[in-house]
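*Asks:* Handing you this structure, nothing more for now.
The values are calculated or read from the model by the stated rules, or taken from the named source; none is laboratory data. These numbers come from a predicted model, not from an experiment. Positions of Cβ are backbone-derived with ideal geometry, glycine not excepted, and every protein chain shown enters the neighbour counts. Side chains are part of the model used for accessible areas, which takes the heavy atoms of the whole protein and leaves out ligands, DNA and RNA. Shrake-Rupley method; radii C 1.70, N 1.55, O 1.52, S 1.80 Å.
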Amino acid sequence: MALKTPEEFIESIQRRKLRVFMNGQKIEDILDHPVTRTIIESNMASYAWALDPESKDIMSTFSPLIDEPVNRYTYVCQNNEDLLAKANAGCFTAEKLGTCIYRCVGLDCFHAAWATTWEMDQRLGTEYHKRFTEYLKYVQKNDLSVAGALTEPRGPRDKKLLDWPNPYLALKVVEKKSDGIVVKGYKINISGAYASHEFMVLPQGTRRPGEEDYAVAFAIPSDTEGITYICQYNAFSAERLLTDDIFELGNPLFGQRETSVIAFDNVFVPWERVFHCGEVDYSGKFVARFARTHRMTCGGTCKVGFMSNIIGACRLLQEYKGMTKVPHINDQMVQLMILRETARACGLAAANLGSEEPPGSGVYMPDEMMGNVSKLNVCEAFWKAMELAGDIGGGLIVTMPSLRELKNPETKDYIEECFSFGSPAGAERIMKVTKLLQNWTAGLHGVGTWHGAGPPQAQKIMISRITNYDREKALVKEKMNIKD
Ligand SMILES: Cc1cc2nc3c(=O)[nH]c(=O)nc-3n(C[C@H](O)[C@H](O)[C@H](O)COP(=O)(O)OP(=O)(O)OC[C@H]3O[C@@H](n4cnc5c(N)ncnc54)[C@H](O)[C@@H]3O)c2cc1C
């Protein structure tokens with residue numbers, strides 16, 4: 001049976017020996033650590049959902065590759081129905097978790113790798129696609145969580161890669177051996193890698209002739225020798241480390257969207273795990289195809305689920321505070337619904353209009369235009385949702401005392417009286433919902449949504465690249481009888 005139980009997932013994650021650091025300290029056990037544990041909880045949920053009769057149709061599907069049911073997060077889409085099911089699964093996981101399902105970047109890397117290795121084998125006579133499909137079978141059979149790593153620190157942006165003062169600001173192949181390659185450098189902002197079984201590496205960007213050592217894609221186990229993870233650290237991490245009441249944290253079990261730097265210190269990758277090495281003309285294709293798939297994920301699915309959490313919290317506060325008949329708040333609630341449903345519509349359109357890319361490869365990708373529009377739309381929509389929720393929730397979102405006051409005999413009565421707002425809901429409920437809104441409106445999600453899947457300028461460049469305005473110009477000429 002390809003589907004792991006949550007217990008089997010934990011057991012398999014526990015076996016690995018990793019070098020993980022946070023806040024200047026080594027983390028000995030990522031299962032035990034209050035921050036890193038949140039990634040494991042999120043991924044573990046995807047194993048439970050794939051077996052749960054209520055959600056298994058969303059979270060699992062049948063893979064002809066291994067002739068068995070597999071988790072949706074290891075399955076490469078083969079038609080538009082698959083893309084729609086993928087979009088649906090993205091909304092579902094984001095609603096339930098209120099943070100990343102950390103298997104999604106790896107899944108979108110699979111799509112890019114399937115398409116581009118297939119194309120390379122067709123045109124260059126390589127055997128990358130055979131290697132990749134063998135790898136994917138291994139992932140599916142063992143139901144592995146796989147993260148995805150593209151983003152690199154990079155050198156001065158006004159200089160070409162080979163002119164950077166340090167050659168390791170992008171991941172570089174430093175040695176080719178008979179049995180594999182050795183890589184050195186960094187990937188940054190990588191979601192959930194240390195709590196996954198494996199991660200896929202793709203190039204960050206297009207590569208030019210002369211940059212062959214930077215044209216590389218592969219997959220390795222997360223505990224490969226030479227890998228060090230340095231975790232993100234912010235006020236939310238610090239608060240989670242300090243508190244003994246996880247409800248203080250807005251998202252008690254699943255936490256923030258946790259990322260890390262991955263340092264590669266002469267890491268060996270066997271050839272059977274290398275899917276691109278030196279073919280500079282294809283690096284950009286890996287990236288573009290990843291972006292095409294991932295922008296639907298980020299713009300049209302996961303932010304839909306996030307906005308459902310915001311909407312739920314706003315409505316509860318509206319009810320708790322006796323504001324259900326306030327016209328401008330009701331109007332804001334409708335605006336929130338429109339923002340969410342527009343995001344969902346973009347995601348569904350991208351899936352529905354998706355196509356086989358490249359033709360003959362067998363892999364389906366979301367429509368390029370609608371995928372990019374999804375992400376660009378959500379960049380603005382999410383800030384707007386944060387603004388509306390901030391207004392509905394009030395200043396208490398950032399000024400509220402700790403939930404621990406409810407357990408302190410010296411302050412408990414004041415806090416209960418003060419923050420019940422005279423509502424039968426009581427102070428604890430109101431404070432918990434307000435904490436959840438603090439997480440969404442006064443935390444990491446605005447910038448995270450803006451930059452995740454690439455900053456808006458990247459989507460605008462792609463949209464202008466695929467647009468020539470010929471059709472629109474022809475419409476005007478036809479109407480006005482303008483001849484060339
Ligand atoms: C929550 C979160 C999770 C993430 N998870 C992952 C992950 O799992 N895997 C992964 O690979 N990445 C991940 N990322 C990285 C994400 O894709 C990048 O943050 C994004 O591509 C932006 O890159 P950057 O952060 O380096 O910003 P920058 O590239 O520094 O962008 C900052 C600004 O500079 C501009 N800019 C950058 N370069 C140039 C240039 N050459 N010329 C002109 N303008 C330029 C940009 O348009 C933007 O306006 C994640 C990011 C976030 C926030």
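*Asks:* On the given criteria, is residue 218 without any contact (Cβ under 8 Å) to a residue 60 or more places away in the chain and crowded, with 23+ Cβ neighbours inside 10 Å?
*Replies:* Numbers: without any contact (Cβ under 8 Å) to a residue 60 or more places away in the chain: yes; crowded, with 23+ Cβ neighbours inside 10 Å: yes.
Considered against the rule, which asks whether it is without any contact (Cβ under 8 Å) to a residue 60 or more places away in the chain and crowded, with 23+ Cβ neighbours inside 10 Å, residue 218 comes out as yes.
*Asks:* Something else: Hey, can you tell me all the residues within segment 381-414 that are within 28 Å of the chain's Cα centre (by Cα) and at pLDDT below 95?
*Replies:* none
*Asks:* Among the listed residues 423, 464, which satisfies the condition of being surrounded by fewer than 18 Cβ atoms within 10 Å (Cβ to Cβ), within 30 Å of residue 320 (Cβ to Cβ) and among the polar types (S, T, N, Q)? Even if it seems obvious, please write down each step before you answer.
*Replies:* Working: 464 fails: within 30 Å of residue 320 (Cβ to Cβ).
After ruling out the rest, the residue left standing is 423.
*Asks:* Just need a number here: residues in segment 136-156 that are in contact (Cβ under 8 Å) with a residue 40 or more places away in the chain, open to solvent by 10 Å² or more (accessible area, probe 1.4 Å) and assigned to a helix (DSSP H, G or I). Steps first, answer last, please.
*Replies:* So in segment 136-156, the residues in contact (Cβ under 8 Å) with a residue 40 or more places away in the chain come out as 136-137, 139-152, 154.
If we keep only those that are open to solvent by 10 Å² or more (accessible area, probe 1.4 Å) too, we end up with 137, 141-142, 144, 150-151, 154.
Those still in the list that are assigned to a helix (DSSP H, G or I) too: 137, 141.
The number of residues fulfilling the criteria is 2.
*Asks:* Here are the criteria: (1) part of a loop (DSSP other than H, G, I, E, B); (2) open to solvent by 30 Å² or more (accessible area, probe 1.4 Å); (3) modelled with pLDDT of 95 or more. Tell me which single one residue 244 does not satisfy.
*Replies:* Residue 244 satisfies every listed condition except (3).
*Asks:* Here is a follow-up. So in segment 377-431, with the set limited to residues that are outside any helix (DSSP H, G or I) and among the aliphatic types (A, V, I, L, M), which one is farthest from residue 246 (Cα to Cα)?
*Replies:* As a first pass, look at segment 377-431 and keep what is outside any helix (DSSP H, G or I): 394-395, 400-402, 408-411, 420-425.
With among the aliphatic types (A, V, I, L, M) added as a condition, the list becomes 400, 425.
Details: 400: 16, 425: 21 Å.
So, considering only residues that are outside any helix (DSSP H, G or I) and among the aliphatic types (A, V, I, L, M), the one farthest from residue 246 (Cα to Cα) is 425.
*Asks:* Scan segment 164-171 and tell me whether some residue there is out of contact with any helix residue (DSSP H, G or I) (no Cβ under 8 Å at 6 or more places or on another chain), under 20 Å from residue 270 (Cα atoms) and in the same structural domain as residue 47 (by TED's automatic domain parsing).
*Replies:* Taking segment 164-171 and keeping what is out of contact with any helix residue (DSSP H, G or I) (no Cβ under 8 Å at 6 or more places or on another chain), we get 164-169.
Now restrict to residues that are under 20 Å from residue 270 (Cα atoms): none.
Taking every residue of segment 164-171 in turn, none turns out to be out of contact with any helix residue (DSSP H, G or I) (no Cβ under 8 Å at 6 or more places or on another chain), under 20 Å from residue 270 (Cα atoms) and in the same structural domain as residue 47 (by TED's automatic domain parsing).
*Asks:* Same structure again: What number of residues within segment 243-302 satisfy the criterion of being basic (Lys, Arg) and within 16 Å of the ligand (Cβ to nearest atom)? Even if it seems obvious, please write down each step before you answer.
*Replies:* First, the residues of segment 243-302 that are basic (Lys, Arg): 257, 273, 285, 289, 292, 295.
Subsequent filtering for residues that are within 16 Å of the ligand (Cβ to nearest atom) retains 257, 289, 292, 295.
Selection size over segment 243-302: 4.
*Asks:* Find all pairs meeting these conditions: Cβ atoms under 8 angstrom apart; at least six residues apart or on different chains; first residue within segment 438-464 and among the aliphatic types (A, V, I, L, M); second residue open to solvent by less than 20 Å² (accessible area, probe 1.4 Å) and near the ligand (Cβ under 10 Å from one of its atoms).
*Replies:* 444/256; 453/291; 453/294; 453/298; 458/291; 462/291
*Asks:* Further question on the same structure: Any residue in segment 348-364 that is touching a Pro at 6+ places or on another chain (Cβ under 6 Å), buried (at least 19 other Cβ atoms within 10 Å of the Cβ), touching a residue at least 12 places away in the same chain (Cβ under 8 Å) and outside any helix (DSSP H, G or I)? Give the derivation first.
*Replies:* We begin by selecting, within segment 348-364, every residue touching a Pro at 6+ places or on another chain (Cβ under 6 Å); these are 350-351, 354.
Applying the additional criterion that residues be buried (at least 19 other Cβ atoms within 10 Å of the Cβ) yields 350-351, 354.
Imposing the further condition that a residue be touching a residue at least 12 places away in the same chain (Cβ under 8 Å) reduces the set to 350-351, 354.
Add one more test, that the residue is outside any helix (DSSP H, G or I), and what stays is 354.
Yes.
*Asks:* Take residue 345 and decide whether it is hydrophobic (A, V, I, L, M, F, W, C) and in the same structural domain as residue 115 (by TED's automatic domain parsing).
*Replies:* Details: hydrophobic (A, V, I, L, M, F, W, C): yes; in the same structural domain as residue 115 (by TED's automatic domain parsing): no.
Here the answer is no, as residue 345 does not meet what is asked.
*Asks:* Something else: Taking segment 62-89 as the region of interest, how many residues are in contact with a Pro (Cβ under 8 Å, 6 or more places away or on another chain) and of a type in the set (Lys, Arg)?
*Replies:* 0
*Asks:* Of everything in segment 163-184, what is away from the ligand (no atom under 15 Å from the Cβ) and open to solvent by 50 Å² or more (accessible area, probe 1.4 Å)? Give them in sequence order.
*Replies:* 165, 166, 167, 168, 174, 175, 176, 177, 178, 179, 184
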